[in-house]
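Participant: Pasting in a structure now, in C-alpha cells, and then I'll have a few things to ask.
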Amino acid sequence: MSAPGRVGKIAPSILSADFAELAAEVARVRAQADLLHVDVMDGHFVPNLTIGPPVVEALRRRTDLFLDTHLMVDNPGDLLEAFAKAGSDRCIVHVELGDPRPLFDRMRALGLGVGLVCNPDTPVEAVIDHLAEIDLLLVMSVHPGWGGQAFLPEVLEKVRAARAAVDAAGLPVEIEIDGGISPVTARAAAAAGADILVAGSAIFSAADPAAAARRIREAAWPSS
C-alpha cells in the first residue's frame, strides 16, 4: 500500500494524444489531470522526434495545468530558456548526459522547477546524490523514445530506494514514474513510493480519457 496521507497525482502524457486536436484532447482529460507531461525528443538522444517550444507555447495559451517538460535531448541547456519562455513550469533532464548541476542552476535562474530523470538501466546511485538539489525525480519504467511500451517491473526497486532516501532526509522531492502505467501497474508503482504516475496510451487511447485517468488513480490510491 502507498504511504498513509500521500496524495498521488496523475500526469497524462500528450505523447499519445492526437496532436491535430491537442487542445481538445487536453480539455477531455482536464478533470482528472493534476499536471501534463510533455515529452520532447530530438531524434538523437532517443530515436523519435516530437515537439519543441512552439507547441508548449500553444498549450500554455489553452490550459492552466502545470506543464512538466521531459527533455530527451542531447543539448538540454540550449533549450531551457526557450521552454521557460514558452510556458513550461518545470524541465526534467537526464542524468545520463553527465553532471546535471549546471543545468539545475540554469533552471533555477529561469524560474523553472528542477527535475532529474534516469533510464531503466541507470543505477539509482546516479541520482541519489542529487536529491537535495531537485524538485522531482523521474524514474523511467520503459526505455525512452516511444509510447505504448510494456512496463519494466524491475525499476520498482529503484523507486523504493529513492523513496527511502527522500523520506529519510525529509526532502520535498516528488517521485514520478513513466512508462507502461495502467490500472494494472499503477498500484505497484504507487506502493513502491511513486507520487506521480505518467500515463499516455492508457489514457488517450481510451474512448473516455478522463475516465481512464480516474481508473488509474483509483487503482493506485484506492482511498484517495
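Participant: Give the stretch 42-68 a look and list any residue that's more than 21 Å from SER205 (Cα to Cα), outside any loop (DSSP other than H, G, I, E, B) and modelled with pLDDT of 95 or more, or say none. First the steps, then the outcome.
Facilitator: Quick first cut of the stretch 42-68, residues more than 21 Å from SER205 (Cα to Cα) only: 42-47, 52-54, 56-58, 60-62, 64, 66.
Subsequent filtering for residues that are outside any loop (DSSP other than H, G, I, E, B) retains 42, 53-54, 56-58, 60-62, 66.
Those that are more than 21 Å from SER205 (Cα to Cα), outside any loop (DSSP other than H, G, I, E, B) and modelled with pLDDT of 95 or more: PRO53, PRO54, VAL56, GLU57, ALA58, ARG60, ARG61, ARG62, PHE66.
Participant: I need the full set of residues from the stretch 151-178 which are under 18 Å from PHE204 (Cα atoms) and in contact (Cβ under 8 Å) with a residue 40 or more places away in the chain, in order please. If you could, list the steps in order and put the result at the bottom.
Facilitator: Of all residues in the stretch 151-178, those under 18 Å from PHE204 (Cα atoms) come to 151, 177-178.
Across the stretch 151-178, the qualifying residue is only ASP178.
Participant: Specify the residue that is surrounded by the most Cβ atoms within 10 Å (Cβ to Cβ); the eligible residues are those in the stretch 10-59 that are among the charged types (D, E, K, R) and within 25 Å of ARG217 (Cα to Cα). Spell out how you get there, then give the answer.
Facilitator: Quick first cut of the stretch 10-59, residues among the charged types (D, E, K, R) only: 18, 21, 25, 28, 30, 34, 39, 42, 57.
Those left that are additionally within 25 Å of ARG217 (Cα to Cα): 18, 21, 25, 28, 30, 34, 39.
Values: ASP18: 11, GLU21: 11, GLU25: 19, ARG28: 22, ARG30: 16, ASP34: 17, ASP39: 25.
Among those that are among the charged types (D, E, K, R) and within 25 Å of ARG217 (Cα to Cα), it is ASP39.
Participant: Those residues that are over 15 Å from VAL73 (Cβ atoms) and of a type in the set (Lys, Arg), I need them from the stretch 106-120; list them, please.
Facilitator: ARG108
Participant: If GLY170 meets every condition in (1) of a type outside the set (A, V, I, L, M); (2) at positive phi; (3) modelled with pLDDT under 95 apart from one, which number is that one?
Facilitator: Unmet condition: (3).
Participant: In the stretch 185-205, what residues are among the small types (Gly, Ala, Ser) and over 24 Å from ASP167 (Cβ atoms)? Steps first, please.
Facilitator: Initial filter on the stretch 185-205 (among the small types (Gly, Ala, Ser)): 186, 188-194, 199-202, 205.
Across the stretch 185-205, the qualifying residues are ALA199, GLY200, SER201, ALA202, SER205.
Participant: Return the residue satisfying two criteria in turn: it lies in the stretch 72-94 and is in a strand (DSSP E or B) and either β-branched (Val, Ile, Thr) or touching a residue at least 60 places away in the same chain (Cβ under 8 Å) (or both), and of such residues it is nearest to ASP34 (Cα to Cα).
Facilitator: Looking only at the stretch 72-94, we keep the residues that are in a strand (DSSP E or B), and these are 72, 90-94.
Okay, now just the ones that are also either β-branched (Val, Ile, Thr) or touching a residue at least 60 places away in the same chain (Cβ under 8 Å) (or both), so 72, 92-93.
Values: MET72: 22, ILE92: 17, VAL93: 21 Å.
The selected residue is ILE92.
Participant: Just a yes or no: is a residue in the stretch 13-35 more than 17 Å from the chain's Cα centre (by Cα) and either in a strand (DSSP E or B) or farther than 25 Å from ALA211 by Cβ (or both)? Can you show your working first?
Facilitator: Within the stretch 13-35, the first condition is being more than 17 Å from the chain's Cα centre (by Cα), and the residues that meet it are 18-25, 27-28, 31.
The next check asks that each one be either in a strand (DSSP E or B) or farther than 25 Å from ALA211 by Cβ (or both); those that pass are none.
No, the stretch 13-35 contains no residue that is more than 17 Å from the chain's Cα centre (by Cα) and either in a strand (DSSP E or B) or farther than 25 Å from ALA211 by Cβ (or both).
Participant: Determine whether VAL73 is within 19 Å of PRO209 (Cβ to Cβ), in contact with a strand residue (DSSP E or B) (Cβ under 9 Å, 6 or more places away or on another chain) and either exposed (fewer than 15 other Cβ atoms within 10 Å of the Cβ) or of a type in the set (Val, Ile, Thr) (or both).
Facilitator: Values: within 19 Å of PRO209 (Cβ to Cβ): no; in contact with a strand residue (DSSP E or B) (Cβ under 9 Å, 6 or more places away or on another chain): yes; either exposed (fewer than 15 other Cβ atoms within 10 Å of the Cβ) or of a type in the set (Val, Ile, Thr) (or both): yes.
Against the criterion (within 19 Å of PRO209 (Cβ to Cβ), in contact with a strand residue (DSSP E or B) (Cβ under 9 Å, 6 or more places away or on another chain) and either exposed (fewer than 15 other Cβ atoms within 10 Å of the Cβ) or of a type in the set (Val, Ile, Thr) (or both)), VAL73 does not qualify.
The values are calculated or read from the model by the stated rules, or taken from the named source; none is laboratory data. Owing to the predicted nature of the structure, the values given are computational and were not obtained by experimental measurement. Cβ coordinates were reconstructed from backbone atoms using ideal geometry, including for glycine residues, and neighbour counts include every protein chain displayed.
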